[in-house]
Amino acid sequence: MYSRHTWVGSVLRHGLLLLAVAFAIFPFLWVVSASFNVTESMQFQQLIPPKPTLDHYKELLTSGRYMYTTWLWNSVKVSLITSTFVVALTALSAYSFSRFRFKGRRVGLLGLLLVQMFPQMLAIVSLYVLLLTMGDFFPFAGMNTHTGLILIYLGGAMGFNTWLMKGYFDTIPRSLEESAKVDGATPFQAFTKILLPLVRPILATIFVLTFISIYSDFLIASVVLQTAEQQTIPVGLRVLISDQYGSRWALFAAGAVISALPFLLVFIIAQKSLVSGLTRGGVKE
Amino acid sequence: MRDSFLLRHSVKILGLGILAALAIYASSSLLVSGSYVLAALPILAAGLITYIFLSPRRYPIRWLVPGLLFLFVMVLYPIGYTFVGSLTDLGTGHMLSKEQAIEQILGRTYTPPGAERYAYLAFQGSSGDLVFLLAGRETLLITDGKATPIALPDERFVDDDGDGRFDRYGDSRRLETREIIALLPTLQKLAVPYAGLTLGLDSLTEFEAQAPKYAYDEATETMTDLETGKAYTAIEGIFTSPNGEEIYPGYRVWIGLANYVRLFTSTAISGPFARVFLWTVAFALLSVLLTFALGLGLAVLLNDPHLRARTVYRVLVILPYAIPSFMTILVWRGMLNQNFGVINQALVSLFGAGARVPWLADAWVAKAACILVNLWLGYPYMMIVALGALQSIPHELYEASRVDGASRWQQFRKITLPMLLMPLAPLLVGSFAFNFNNFNLIYLLTGGTPPVPGAQTPAGATDILLSYTYRLSFEGDRGNQLGLASAVSVIIFIVIATISAINFRMTGTLEELSKNV
């Protein structure tokens, strides 16, 4: 299909691609630039700041007028705890589905597949009522608590991730676990000491996927978290800009830039463990 | 070996014991609050889990218990509750069960004329428990929420400084006025039954004997106001007097399919609902088509081995995919700001003040803006999958067709497109389902605005079904219409189920999976 380019064809292609690149990266340039501009208002912002400043970052992080650091901490905390538990819970379930044969296994697996077709956020009304009721008996897990929010997330992350994890477990030969069992290990020991180190890449993958989706969740977090000191970044950032939008633009921009950082951090860390997980040798049959 | 066996088993028994205790606590609290059906659930669940952990035959299920528990409580139960809730009038003023509402109403009191009043002293022990000494026509002692007559002097009350006021009750110390003020929120909730009346705090310095305000007659479902003598009968989940006064809170009642009937027939609701429904479908469809078109176009360009710097291009155009979307959507919202946004500023400086576009204010322009931003967010994904699929098309096909004299465009239409659509079709259907519920985009970009004039429910021009549900539930100016919102959710469920069924049928996923699981 492809042939050598004529002069015109070459210009045309690069022209189109440059246009696409401009479309793709302009919002990033614009928001990064805004965060370094002296002016707070978007009206007077210039793409290349004449006198770049870190003032907006300083105000956001130190002035205490906005609970930005609290939101950031809440987001990171909720996402980290949720992802850790999701990895643990799905690993247990996936191990059972992958290694044992029992009644209800097929129904369970297909059921999981069907359940994950329905996004949890569709049941937002019920989750709201459920959390209201739960709060009456267990105040630490009711409305406006991180525990309640995390419990909701844990349920929603089960279906798809269990399938993903089970598929990976299936590719690991059982012989290592079998030989450990011969040496007297319990199935749980075989699981934690033999299998888990071998499946680190998929554990990392699920951790990252969960972290990203929880970190970006707006809908459920906005329903559950009602006071400013409990809110997460997506909920808080929106509040930060919804009032006097034009005038607090630079602050919002600085907040947006910072909130992308945990994202990158998790990505870099996970990439390392992905690579090291992949290069470890397993048993070959 | 023996030791670890013992240890493991004692841990297991201990864990199951704690579980049983928790279940009994949850059940008894549910019983007390009048939820008789729900109260059975914790006990049943705990029993089932205990069985699974003690029966060797159920060993594989033990591994599933933690995950399944969350799945049941946080996914399956809410889905079921949504279906049930859509058949009720659940919403502001109708949140409680009938028993709970009656209990709350019966707890209310009023001050009958000539009510007995008491001066009081309050004492607080180190553990925080409160004791009151009331002096009126008779002298009363209130401990643990119970009132008993008491004769003074009593050796438990001690006057240390001899000023005629007691300073201690046993170990409890008398509270100063400022301490009482600090405790007011708690004290105002005090309701101590005594001699058929209720003792409650009336002012900072006085208790008062109050009478129950309402009496309930189960047989006729009538609530009688004992102060005024007025009778309120239960009408549509709320106690209502003949001339229309209502006692809040109401309670939820079954209304059958009334919510669905309203969605489809009541003109003030069905009009906006139909609009929202059509726009949801159009939005999802256009999003898929446009992101696919742009993604495929870029993939074809970038797949060209003769292109220079194509890795650089590839990394740059994938960028929108790499940053959390909630953030970039808000950035776009800023850029599209009508007065100060960079896009309008650029247009104005190029074409003059008349070129200002009402990006988020005009219904049609706002719709276009939603699709534009979604295009920006979505095309990198399509480009990635298209690049993968392009590489799997065998080269011979192109060479053979060139020998036969096919043009570049014919090659694309007759070879590339059909060969791509086969593997990508399920992804396109999946993308449709995703955009059908793309709440973040709509809510963060436009919040559903601009509003549709004359709508009885909060339905905006860019609202999709899910954001409409959200606004019905949590942002209605006539209270939260949770029952109606649940009905909308159920309709989304049905649409998604249909899409998934088509997807499964197309790909044969289910058949393949049933063979291989």
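The values are calculated or read from the model by the stated rules, or taken from the named source; none is laboratory data. Not measured: the values here are computed from a predicted model. As a convention, Cβ positions derive from the backbone with ideal geometry for all residues, glycine included, and neighbour counts pool all protein chains shown. The area values use the complete protein model at the heavy-atom level, side chains included, leaving out ligands, DNA and RNA. Shrake-Rupley method; radii C 1.70, N 1.55, O 1.52, S 1.80 Å.
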*May I ask you to list the residues in segment B:469-507 that are closer than 16 Å to A:GLN120 by Cα, touching a residue at least 12 places away in the same chain (Cβ under 8 Å) and not β-branched (Val, Ile, Thr)?*
B:TYR470, B:SER473, B:ALA485, B:SER486, B:ALA487, B:SER489, B:PHE493, B:SER500
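Which of the residues that make up segment B:150-194 are of a type in the set (Lys, Arg) and open to solvent by less than 40 Å² (accessible area, probe 1.4 Å)?
B:ARG174
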_Residues that are acidic (Asp, Glu), at least 1 per element: which strands (runs of 3 or more DSSP E) completely within segment B:173-226 meet that?_
B:206-212, B:214-217, B:222-225
*Going by the structure shown, is A:MET158 closer than 30 Å to A:THR186 by Cα, open to solvent by less than 40 Å² (accessible area, probe 1.4 Å) and at the interface with chain B (Cβ under 7 Å from one of its Cβ atoms)?*
yes
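I'd like to check something: does segment B:82-91 contain any residue that is more than 8 Å from chain A (Cβ to nearest Cβ), in a helix (DSSP H, G or I) and touching a Pro at 6+ places or on another chain (Cβ under 9 Å)?
Scanning segment B:82-91 turns up no residue that is more than 8 Å from chain A (Cβ to nearest Cβ), in a helix (DSSP H, G or I) and touching a Pro at 6+ places or on another chain (Cβ under 9 Å).
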_So the check is Cβ under 7 Å with 6+ separation or different chains; which pairs have a first residue in segment A:5-32 that's over 18 Å from B:ALA293 (Cα atoms) and more than 8 Å from chain B (Cβ to nearest Cβ) and a second one that's of a type outside the set (S, T, N, Q) and surrounded by 13 or more Cβ atoms within 10 Å (Cβ to Cβ)?_
A:VAL32/A:VAL257
_Residue within segment B:46-60 that is open to solvent by less than 50 Å² (accessible area, probe 1.4 Å) and under 30 Å from B:LEU96 (Cα atoms) present_ = yes
*On the given criteria, is B:ILE415 farther than 26 Å from B:LEU319 by Cβ, of a type in the set (A, V, I, L, M) and open to solvent by less than 50 Å² (accessible area, probe 1.4 Å)?*
yes
*asked:* Of everything in segment B:293-308, what is open to solvent by less than 30 Å² (accessible area, probe 1.4 Å), part of a helix (DSSP H, G or I) and more than 19 Å from B:ILE371 (Cβ to Cβ)? Give them in sequence order.
replied: B:ALA299, B:VAL300, B:LEU302
*Go through (1) within 13 Å of chain B (Cβ to nearest Cβ); (2) open to solvent by 10 Å² or more (accessible area, probe 1.4 Å); (3) not in a loop (DSSP other than H, G, I, E, B) and name the single condition A:LEU61 misses.*
(1)
*Take the residues of segment A:196-223 that are open to solvent by less than 20 Å² (accessible area, probe 1.4 Å) and away from every other protein chain (no Cβ under 14 Å): which is nearest to A:PRO234 (Cα to Cα)?*
A:ALA204
_Members of segment A:70-104 found to be surrounded by fewer than 17 Cβ atoms within 10 Å (Cβ to Cβ), within 10 Å of chain B (Cβ to nearest Cβ) and part of a helix (DSSP H, G or I), listed by number_ = A:ALA88
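If a residue counts only when it is open to solvent by less than 50 Å² (accessible area, probe 1.4 Å) and without any contact (Cβ under 8 Å) to a residue 12 or more places away in the chain, which helices (runs of 4 or more DSSP H) contained entirely in segment B:309-351 have at least 2 such residues?
Of the helices (runs of 4 or more DSSP H) lying wholly inside segment B:309-351, those with at least 2 residues that are open to solvent by less than 50 Å² (accessible area, probe 1.4 Å) and without any contact (Cβ under 8 Å) to a residue 12 or more places away in the chain span B:325-335, B:342-351.
Listed here are the residues, each with its yes/no results for (1) within 7 Å of another protein chain (Cβ to nearest Cβ); (2) assigned to a loop (DSSP other than H, G, I, E, B); (3) out of contact with any Gly (no Cβ under 9 Å at 6 or more places or on another chain).
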residue: A:LEU114; (1), (2), (3): no, no, no
residue: A:MET117; (1), (2), (3): yes, yes, no
residue: A:MET121; (1), (2), (3): yes, no, no
residue: A:MET143; (1), (2), (3): no, yes, no
residue: A:ILE150; (1), (2), (3): no, no, yes
*asked:* For the structure I just gave you, tell me whether A:PHE138 is crowded, with 23+ Cβ neighbours inside 10 Å and either without any contact (Cβ under 8 Å) to a residue 60 or more places away in the chain or at negative phi (or both).
replied: no
*Picking from B:VAL32, B:VAL75, which residue would you name as being within 26 Å of the chain's Cα centre (by Cα) and facing chain A (nearest Cβ under 8 Å)?*
B:VAL75
_Quick check on this structure: which one of A:MET42, A:MET1 is modelled with pLDDT under 90, closer than 28 Å to B:LEU377 by Cα, of a type in the set (A, V, I, L, M) and crowded, with 16+ Cβ neighbours inside 10 Å?_
A:MET42
*Among the residues of segment B:102-115, is there at least one that is part of a helix (DSSP H, G or I), under 30 Å from B:LEU134 (Cα atoms) and open to solvent by less than 50 Å² (accessible area, probe 1.4 Å)?*
yes
